[in-house]
Amino acid sequence: MRRLEDRLRESGCLGDEALGLALRRAAERRVPLAVVLIEERLVEEAVLLPILAAHHGLAQVSLDQVTVEDRAIKAVPAKLAAHYEILPVRLDGSTLTVAVWNPGDSRAADDLQAHLGLAVERVLAGRRDILDALRRFYGVGAGTVARLLSEGGGAEIERRGEDSQDLEQQAGDVSVIRLVNQLLQEAIRDLATDIHFEARRDGVAVRRRIDGILFETPVPKDLRLLYPAIVSRIKLMSGLDIVERRLPQDGRARVHLESAEYDLRVSVVPAQHGEDVVVRILPAVMLFDLGQLGFSAANRAAIEGYLARPHGLLFVTGPTGSGKSTTLYACLSRLNRPDRKVITIEDPIEYELRGLTQTQVNPPIGLTFGRALRSMLRHDPDVMMVGEVRDRETAEIAIQAAMTGHLVLSTLHTNDAAGAAVRLQDMGIDPYLVVSTVQVFMAQRLVRTLCVECREPVADATGTRFRARGCKACRQTGYRGRVAICELVDLAEPVRACILRKASSAEIRHEADRLGMETLAVDGLHKVEAGVTTEEEVRRVCLT
């Protein structure tokens, strides 16, 4: 039989030097050459698989194009499938067909034959495809769950889940730690911003928010038996009290996953069937640049113009999850210079920016936005950021700071830019103070961007646009990533006049439109024309 290295040389996919290095590493690790080539990505898998298939005499399959039989999945325990990284594909009588990525390792087939008494036929598939399919058919962490339950016994683990001391021991178990890490790694791999653990009457649900949309994560049904230990592990990570289950708790942790560090913001609330946990995932180190947020050239230039002014108020408005904080951090990054004192008051501090003084509010001890802002003024700042104006006291102090020569950035919860002026008046702020200090009200939303791997051109009367199709890279959604759309209400004289006479938000909006304001929808349509997103996505965001 010809050697695999000879076939690789003939194919030209690997030079002699690289092949020699791979052979040495395979010898050092005592693993087949194919494992080194795939794990270290020395050869593209699409190029390598046909060579491996020919060398081992196996059929090559694409798991996206074959039907995986449910009875085949049920025939093979999750623990075995996860351990050997194989996927049961078909069960035909007494013959089980499994997809493997490492054809040089026959232990999986031998084990399956010994445990199940079935003849095993192997086919070749990509490793990433097999791992994705294992998560899809068995659930994330299924192998770890099966191993934990087989070692401890499901009934015993469920009983111990009611005892606080046992819970602490379980939470420190290596397998529970591995399971929580697997769930977090899966979320990070799919670029999730949040992961939700929810206790339900019939089990446990795990959902991830990706590009602003919640998606169900497939998890094994038996995860419910380990749910108390999972919650306790997350509590221990974030410095929370594992005994307290009646009151909400908030914590944070820093973890090293997927070769990077992440800050986790953890919120635990008691719910009907147990405790629900939401973990927000934030990169520990993140670069904030206005140029990378997706603003149009005109809007970006306008924002930079406002930031260049020595004093005044800039308000970013929008609902929760519209990217307001990210925009403020990008503005602060632009303003952050050695000759400036920049101070922030936040709840919570989402990202640490070098060179800034950042303060976390703490209402239970009286450290509110208003009190912190008053103290901030005594620290001789040039630029201040107030995470959110929530009440009259905070609004008045922010306005006072802007009137006394400071540049102040903050957020308001309103649906559009024009409504922000009315919101301040509803808080009790005199219209004269609003027009004397505010430079601009900016409303913002985030729209999902089309996946560049699979977007399809569509010709219509206005020209060529693109639509979402869906592929493996975007989890069949057709979208991957998000960009900002915005509208700016500049306080030009006609808008100031509307505010002074306490006009409605509709009147203020009409006047801003007359002066040439691009609405959120118009900004979104420009991105549709540029092939960045779709009309459906713009409508979804602008109508919610």
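The values are calculated or read from the model by the stated rules, or taken from the named source; none is laboratory data. From a predicted model like this one, the values you see are computed outputs, not experimental measurements. With ideal geometry, Cβ positions are generated from the backbone for all residues, glycine too; neighbour counts draw on all protein chains shown. When the accessible area is computed, the model is the full protein with side chains, heavy atoms only, and any ligands, DNA or RNA have been set aside. Shrake-Rupley method; radii C 1.70, N 1.55, O 1.52, S 1.80 Å.
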In the full protein assembly as shown, how much of V285 is accessible to a 1.4 Å probe, in Å² to the nearest 10? 130 Å²
With a 1.4 Å probe and all protein chains in place, put R467, R337 in order of accessible area, largest first. R467, R337
Helix 520-529 sits off the longest principal axis of the Cα atoms of the chain, rounded to the nearest 10 on a 0 to 90 degree scale, by 40 degrees
Computed over the Cα atoms, what is the radius of gyration of the chain divided by 2.2 N^0.38 Å, N being its residue count? 1.18
Within region 231-293, list the GluC sites (Glu not before Pro) lying in a DSSP loop whose Cβ has at most 13 other Cβ atoms in a 10 Å radius. E258
Mind jotting down a quarter of the surface of the convex hull over the alpha carbons of region 371-444, in square nanometres, one decimal? 4.6 nm²
For region 189-194, just list the computed ³J(HN,Hα) in residue order, Karplus coefficients 6.51, -1.76 and 1.60, θ = phi - 60°, integers in Hz, with x standing in for Gly and Pro. 4, 8, 6, 6, 9, 9
Report Rg/Rh for region 404-519, rounded to two decimals, where Rg is the Cα radius of gyration and Rh the Kirkwood radius. 1.16
Which of the cysteines found in the chain have nothing to pair with, since no other Cys Cβ lies under 4.7 Å from theirs? C13, C331, C486, C498, C542
Once phi is turned into ³J(HN,Hα) by the Karplus curve 6.51 cos²θ - 1.76 cosθ + 1.60 with θ = phi - 60°, what whole-Hz value does each residue of region 307-313 show in order, with x for glycine and proline? 5, 7, 6, x, 8, x, 10
Let me cross-check R135: its accessible surface, 1.4 Å probe, with only protein heavy atoms counted, in Å² to the nearest 10? 50 Å²
What 222 nm value per residue comes from the helices of the chain, counting each DSSP H run with n ≥ 4 as -39,500 (n - 2.57) and dividing by all residues, nearest 500 deg cm²/dmol? -12500 deg cm²/dmol
From phi via Karplus (6.51, -1.76, 1.60), per-residue ³J(HN,Hα) for region 129-144 in Hz, x at Gly/Pro: 5, 5, 5, 4, 5, 4, 5, 6, 8, 9, x, 5, x, 4, x, 5
Can you send over the solvent-accessible area of H311, 1.4 Å probe, protein chains only, in Å² to the nearest 10? 100 Å²
Quarter of the Cα convex hull surface for region 276-399, i.e. its orientation-mean projected area (nm²): 9.0 nm²
Region 517-544 versus region 329-383: alpha-carbon centroid distance in Å: 33 Å
Please work out the Cα center distance from region 415-451 to region 464-509, rounded to the nearest Å. 13 Å
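For region 312-372, compute the orientation-averaged projected area of the C-alpha convex hull (one quarter of its surface), in nm².
5.0 nm²
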Tell me the GluC sites (Glu not before Pro) within region 453-544 that lie in a loop according to DSSP and have at most 13 other beta-carbon atoms within 10 Å. E453
